[in-house]
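The values are calculated or read from the model by the stated rules, or taken from the named source; none is laboratory data. Quick caveat, the model's predicted, so the values are computed rather than measured. Methodologically, a virtual Cβ is constructed for each residue, glycine included, from the backbone with ideal geometry; neighbour enumeration extends over all protein chains shown.
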Amino acid sequence: MQLDIDKQLQQRLSERAEKMGFDSTEKYCVIILETVIDELEEEDAADDVQDRLEDLGYLE
């Protein structure tokens, strides 16, 4: 997959990748994306649990 990212964002990502000790900006971006997806999936799971508890009458 290839993403078109504006130059300013590329520069920011490159600087942070270097600061964080990554070998490449691409590797840093993969970690960022994995982290964001993991957090979103955890939020979805928590929402599912809350919905289920509401359905069972434990929460209003």
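Given the condition surrounded by 11 or more Cβ atoms within 10 Å (Cβ to Cβ) and in contact with a helix residue (DSSP H, G or I) (Cβ under 9 Å, 6 or more places away or on another chain), answer yes or no: does some residue in the stretch 52-60 qualify? Talk me through it step by step, then tell me what you get.
Filtering the stretch 52-60 down to residues surrounded by 11 or more Cβ atoms within 10 Å (Cβ to Cβ) leaves 52-54, 59.
Among the residues that remain, those that are also in contact with a helix residue (DSSP H, G or I) (Cβ under 9 Å, 6 or more places away or on another chain) are: 59.
The answer is yes, given that some residue of the stretch 52-60 is surrounded by 11 or more Cβ atoms within 10 Å (Cβ to Cβ) and in contact with a helix residue (DSSP H, G or I) (Cβ under 9 Å, 6 or more places away or on another chain).
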Residue 38 being assigned to a loop (DSSP other than H, G, I, E, B) and at pLDDT 90 or above: no
Testing residue 13 on (1) in a helix (DSSP H, G or I); (2) at pLDDT below 95; (3) not charged (D, E, K, R), one condition comes back false. Which one is that? (2)
So, in the stretch 23-35, exactly how many residues are surrounded by 11 or more Cβ atoms within 10 Å (Cβ to Cβ) and not in a helix (DSSP H, G or I)? 1
